[in-house]
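Encoded as structure tokens, the structure appears first; notes follow it.
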Amino acid sequence: MRILHTADWHIGKIVNEFSMLEDQKAVLHALVDKVKELEVDVLIMAGDLYDRAIPPKEAVTLANSIFNRLIKEAGIPVLVIAGNHDSNERLEYGAELLAGSQLFIEGTVKKDVRKVTIDNVNFYLLPFADHVTIRQLFEDKEIRDLKDATRKQVESITSEMNLDEVNVLIAHGYIVNGVKESVEASDSERPLSIGTAEYVDVNIFDDFDYVALGHLHKAQKVKSENVRYSGSPLKYSKSEVRHKKQFALLDIDKDTFNVEMIEIKTERDMKVLKGTFNELMADESEDYIFFELEDNNYVMDAMNQLRRRYPYAMGLEYTAQKERKESSKKTKQEALEKKGLLELFDDFYSEYKQTSLDSNQKKAINKTWEDALKGEK
């Protein structure tokens with residue numbers, strides 16, 4: 001079977017006040033053409049179909065158009081799960097009816113994970129949900145974070161899974177090989193959890209032949225070739241300018257496994273340009289641009305002037321001044337570390353009371369500190 005693994009379309013995304021909808025329309029229609037050219041059997045969209053829970057009507061119209069082309073023109077099944085940006089219930093609306101047309105959408109998490117079998121390949125659809133929802137679903141108080149929640153869900157699948165068949169998991173989350181530094185994240189990815197661990201260990205998925213992941217925007221493997229993020233089809237933040245956007249093309253059966261990364265070509269790129277204001281004004285570009293100005297002083301109305309040459313300019317910062325601020329901050333931090341606790345308290349009091357401690361106050365604070373130290377001993 002030939003599978004095209006995609007994720008994180010984020011239809012309706014706005015980056016620094018620029019709508020990405022026209023770029024998304026171009027890249028997704030090109031995706032359908034690529035599906036037909038490569039004779040793909042199944043397409044996976046592993047979460048974050050939309051960029052927000054209530055997408056604009058233009059975003060829904062585009063998704064509808066792409067799904068129609070994939071199913072009617074390319075004639076292939078499409079498997080979609082909800083990501084953390086999607087509204088689970090809204091995404092699943094009409095899912096039972098759409099399944100009859102080979103559009104399988106799983107929005108809400110269920111105790112019995114949905115299994116779709118196509119040409120002897122089993123696809124398990126695991127939409128994103130927070131650990132509290134999963135804890136309540138399984139009535140398991142031992143579920144304390146997303147790692148516990150995911151392990152519980154995977155165990156419910158593998159307990160009944162036939163290992164002699166081809167089994168593919170579609171999931172959306174922050175999967176790591178031991179530590180978070182084992183994968184590369186970006187600024188445009190919304191945190192999955194507040195106050196608890198959002199990282200899930202890759203070894204939980206050892207029983208699957210392939211794991212199609214969504215959430216991280218860089219195309220990358222996690223530990224091995226058969227656990228992958230396809231990445232987003234477009235660059236959605238300054239932190240992604242170095243990404244090589246791709247789709248994962250998978251040929252798989254029980255005796256064959258091969259992954260080929262298909263590069264995504266776009267009309268407009270996203271870049272960082274460095275230089276002085278005058279140097280940058282000597283050039284021009286139709287790409288999305290983040291400027292890093294090397295001028296020592298601020299340039300009056302720099303962004304508006306640059307936009308005459310770069311109409312899709314997204315952001316600007318002065319690198320020399322940023323470096324000076326960071327250096328100053330480091331110097332201040334080093335000076336603070338050399339001060340004792342009583343000196344720091346004196347500084348704190350002076351800052352917020354707009355007056356210095358008098359001699360009696362200093363004596364009282366010193367005695368309190370000495371008494372505290374004696375208590376520790």
With the Cα gyration tensor of region 192-276 giving a ≥ b ≥ c as the square roots of its eigenvalues, does the rule (a/c under 1.5 for rounded; else a/b larger than b/c for prolate; else oblate) give rounded, prolate or oblate?
oblate
Potential lengthening between Glu142 and Ala95 on full extension [0.36 nm per residue; Cα-Cα distance subtracted]
13.7 nm
Select from Val227, Val42, Val121 the residue whose mean-square fluctuation is largest in a Gaussian network model of the chain (Cα-Cα springs shorter than 10 Å).
Val121
About the Cα centre, and with charges only on the beta carbon of Lys, Arg (+1) and Asp, Glu (-1), how big is the dipole of the chain? Nearest 20 debye, please.
1080
Indicate the gyration tensor shape class of region 124-222 (rounded, prolate or oblate), computed on the Cα atoms with a ≥ b ≥ c the square roots of the eigenvalues: a/c under 1.5 is rounded; otherwise a/b larger than b/c is prolate and the rest oblate.
oblate
The whole-number value in µm²/s of the Stokes-Einstein translational diffusion coefficient for the chain, with Rh from the Kirkwood sum over alpha carbon pairs at 4 °C and 1.567 mPa s, is 54
Diffing region 208-215: the Karplus 3J(HN,Hα) column from phi (6.51, -1.76, 1.60, θ = phi - 60°), in whole Hz with x for Gly and Pro, holds 8, 6, 8, 10, 9, 9, x, 2
Net charge within 10 Å of Tyr229 by Cβ-Cβ distance, Lys/Arg positive one each and Asp/Glu negative one each, not counting Tyr229 itself?
+1
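Loop-only check: which chymotrypsin sites (Phe, Trp or Tyr not before Pro) in region 8-104 are DSSP coil with at most 15 other Cβ within 10 angstrom?
In loop regions of region 8-104 (DSSP not H, G, I, E or B), the sparsely surrounded chymotrypsin sites (Phe, Trp or Tyr not before Pro) are Tyr93.
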Each residue of region 72-89 in order: what ³J(HN,Hα) in whole Hz does its phi give by Karplus 6.51 cos²θ - 1.76 cosθ + 1.60, θ = phi - 60°, with x for Gly and Pro?
8, 7, 7, x, 10, x, 10, 10, 10, 10, 7, x, 5, 7, 7, 8, 4, 5
Per-residue HN-Hα couplings for region 111-125 [Karplus 6.51, -1.76, 1.60; θ = phi - 60°; Hz; x = Gly/Pro]:
4, 8, 4, 5, 10, 10, 9, 10, 6, 6, 10, 9, 10, 9, 9
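Ignoring ligands, DNA and RNA, how do Arg307, Arg144, Arg242, Arg114 rank by accessible area with a 1.4 Å probe, largest first?
Greatest to least solvent exposure: Arg242, Arg144, Arg307, Arg114.
Mean 1/r over all different Cα pairs, inverted: what Kirkwood radius does region 232-273 give, in Å? Walk me through the intermediate numbers first.
Details: mean 1/r = 0.0824 Å⁻¹.
Radius from the Kirkwood sum: 12.1 Å.
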Which value in deg cm²/dmol, rounded to the nearest 500, describes the helix-derived mean residue ellipticity at 222 nm for the chain, given -39,500 (n - 2.57) per DSSP H run of n ≥ 4 and division by the residue count?
-10000 deg cm²/dmol
Positive end of the charge dipole of the chain (Lys, Arg +1 and Asp, Glu -1 on Cβ, about the Cα centre): tell me which of Met281, Ser186, Leu4 has its Cα farthest that way.
Met281
Label-to-label distance, nm, for residues given as Glu73 and Leu342 (7 Å Cα→Cβ offset):
7.8
Hey, can you grab everything whose amide H is under 5 Å from the amide H of Val227? Only 5+ residues off in sequence or another chain; H modelled, so Pro and N-termini drop out.
Val211, Val222
Run the count for region 23-162, please: Lys pairs, Cα-Cα under 27 angstrom, 8 or more apart or on different chains.
21
For Leu316, which sequence-distant residues (separation of 5 or more, or a different chain) have an amide H within less than 5 Å of its own amide H, given hydrogens modelled in the peptide plane?
Phe291
Can you give me the distance in nm between label points at Val299 and Asn120, each placed 7 Å from the Cα along the Cα-to-Cβ direction?
6.4
Just by accessible area at a 1.4 angstrom probe, what is the order of Lys34, Lys265, Lys363 from largest to smallest?
Lys265, Lys363, Lys34
May I ask you to give the solvent-accessible area per residue for the chain, in square angstrom, as obtained with a 1.4 angstrom probe?
54
Given the options Asn167, Leu43, Ser232, identify the residue whose Cα lies farthest towards the positive end of the charge dipole of the chain (+1 on Cβ of Lys, Arg; -1 on Cβ of Asp, Glu).
Ser232
Sorted by chain and then number, the residues having a modelled amide H within less than 5 Å of the amide H of Lys271, at least 5 places away or on another chain, are Tyr288, Ile289, Phe290
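The values are calculated or read from the model by the stated rules, or taken from the named source; none is laboratory data. Note that the structure is predicted; figures quoted are calculated from it, not measured. Cβ: placed from backbone, ideal geometry, glycine included. Neighbour counts: every protein chain shown. Only protein heavy atoms, including side chains, enter the accessible area calculation; ligands, DNA and RNA are left aside. Shrake-Rupley method; radii C 1.70, N 1.55, O 1.52, S 1.80 Å.
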